[in-house]
Amino acid sequence: MIYLDYQATTPLAPEAREAMLPWLGGPETSGFANPHSPHRPGRGAAAAVEVARAQVARLMPPGGRVIFTSGATEAINLAIVGSGARKLAVSAIEHAAVLDTAVALDPAFAILPVDAGGLVDGDAPIAPGTGLVAVMQVNNEIGTVQPVEVLAERAHAAGALFLCDAVQAAGKISPPANADLIAVSAHKLYGPKGIGALWLRDGLDLAPLIRGGGQEQGLRSGTLSPMLCAGFGVAAALALDRMDEDAAHVAALWQRARTILSRWELNGSAARRWHGNLNLRLDGLDVARLMSELRDLAFSAGSACASGSGRPSHVLRALGLSDRQAKASIRLGFGRYTQIRELEDACAKIEAAAAVQGV
């Protein structure tokens, strides 16, 4: 199996796995201790959590704090609901975690459109009275990199907070220095599933979503997993240390894939994007048939969160593509552990299978 779905999830880094093992917690160790307990094993577990918190914080701008959550979806909900904002503005290509939460709080929320390249206009108007603006840094379906720092300035000028979904960007590119809230997920940067974080700028207060024991600085009650925190922390530290190396590797993979699939149309800007994401279309292609015939390849027909719905991607439609064009699109995702030879083999198979369809 050749895995090309890095936007859905990334492999667990061996270094992160090793950091997690002591905290699996068999009875012969103290690694099972509750990090919220005051005794020595509990304090040891708490120390591991705080080491991880500091490692994740290094991915973020200075002057803020990290709140561990179950993932980015919870982090986004905590940011939007906890902010108390009732008038929202979000980009047309946000993840469902943002869009569905916005609908629940403000059914008339403002949509910031994107151009044909999948980019939000840095001069997009923000209505007076808007309480929170949400724009993702790197889109999960097409990989476009948004002008988030410019948009954060515009949000602040309108008196609004700025939330950035940095799930696909964290550990790959620098965070927006002037964001107020940043949501990230461990399993998108070679860490474990089941843990994410919300970065909160100093001086901001949120209302908790989950109440109970008051853990996580009173914002997210529930017992933390030192194992997941440790894996997240090491994955974050490794991503920061390898940022340039990883970027160079995916850029080389991108160029090779583009050469082999040269007749396919690129969805989204070629200039402003993360090169680990390649979203392509071939008009007339039957993507369901393609995926059925290439079962030794793991790739996506769109966002993993919407796969199987049968609905055209809202992101591709926001670019101005027709339903037919959107349904003739595939997404290839690659990263740190993708080998050039396996990518070449996969692209050659995709090209050959499309040719068999006569497109």
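The values are calculated or read from the model by the stated rules, or taken from the named source; none is laboratory data. The structure presented is a predicted model; accordingly, all values stated were derived computationally and were not measured. FYI the Cβ positions are ideal-geometry reconstructions off the backbone, even for glycines, and counts take in every protein chain you see. For the accessible areas, the whole protein counts, side chains as well, though only heavy atoms, and no ligand, DNA or RNA atoms are used. Shrake-Rupley method; radii C 1.70, N 1.55, O 1.52, S 1.80 Å.
Worth a mention:
- Close amide H pairs (under 5 Å, H built 1.01 Å from N) link Asp5 with Gly333, residues at least 5 positions away or on another chain.
- Taking Lys349, Lys327 and ordering them by how much accessible surface each has at a 1.4 Å probe, largest first, produces Lys327, Lys349.
- Rounded, prolate or oblate (a/c below 1.5 giving rounded, otherwise prolate when a/b exceeds b/c) for segment 1-143 by Cα gyration tensor: prolate
- Equivalent ellipsoid semi-axes - Cα gyration tensor, segment 209-279, angstrom: 40, 17, 9
- Think of segment 110-186 as a dipole: +1 on every Lys or Arg Cβ, -1 on every Asp or Glu Cβ, centred on the Cα centre; then among Ala124, Ala177, Pro147, Ala177 lies furthest on the positive end.
- Cα Rg, Dmax (largest Cα-Cα span) when computed across segment 174-216, Å: 12.7, 35
- For segment 17-61, GluC sites (Glu not before Pro) meeting the loop criterion (DSSP other than H, G, I, E, B) and having at most 15 other Cβ atoms within 10 Å: Glu28.
- Remark: the chain carries 41 Å² of accessible area per residue (probe radius 1.4 Å; ligands, DNA and RNA excluded).
- Rounded to the nearest 10 square angstrom, Leu161 shows an accessible area of 50 square angstrom against a 1.4 Å probe.
- Restricting the calculation to Cα atoms, segment 1-77 yields a radius of gyration followed by a Dmax of 15.6, 47 Å.
- Of all DSSP beta bridges confined to the chain, the antiparallel ones make up roughly 60%.
- Extension gain, Val359 back to Lys87 (0.36 nm per residue minus Cα-Cα distance, nm): 93.3 nm
- More than 21 angstrom apart: percent of Cα pairs within segment 241-352: 35 percent
- Taking one quarter of the surface of the C-alpha convex hull of segment 128-173 gives a mean projected area of 3.2 nm².
- Probe 1.4 Å, all protein chains present, accessible-area order of Thr69, Thr9, largest first: Thr9, Thr69
- Dipole moment magnitude, nearest 20 debye, the chain about Cα centre, only Lys, Arg, Asp, Glu C-beta charged: 300 debye
- Listed by chain and number, the lysines placed with their C-alpha closer than 23 angstrom to that of Lys327 are Lys349; residues fewer than eight positions away on the same chain are left out.
- Most mobile listed residue (Leu132, Leu189, Leu204) in the chain, GNM with C-alpha springs under 10 Å: Leu204
- Highest-MSF residue in the chain out of Ala79, Ala89, Ala252 [GNM, Cα springs under 10 Å]: Ala252
- Within the chain, the whole DSSP H helices whose Cα atoms reach 15 Å or more along their own axis and whose mean Kyte-Doolittle score is at least 0.0 are 40-57, 72-83, 226-241, 340-356.
- Isotropically averaged projected area of the chain, using the convex hull of Cα atoms (one quarter of hull area), nm²: 18.1 nm²
- Computed in the context of the full set of protein chains, the accessible area of the chain at 1.4 Å probe radius has 55% of its extent on carbon or sulfur.
- Straight-line cross-link reach from Lys193 at under 18 Å between alpha-carbon atoms covers these aspartates and glutamates, not counting any fewer than eight positions away in the same chain: Asp5, Glu15, Glu18, Glu74, Asp165.
- Build a GNM of the chain with springs between Cα atoms under 10 Å apart, and of Pro35, Pro128, Pro27 the one that fluctuates most is Pro27.
- Database remark: amide H of Ala301 closer than 5 angstrom to the amide H of Arg331 (H placed geometrically; neighbours at sequence offset of 5 or more, or on other chains; Pro and chain starts carry no H).
- Gly131 long-range amide H proximity, modeled H, under 5 Å: Arg86, Lys87, Leu88
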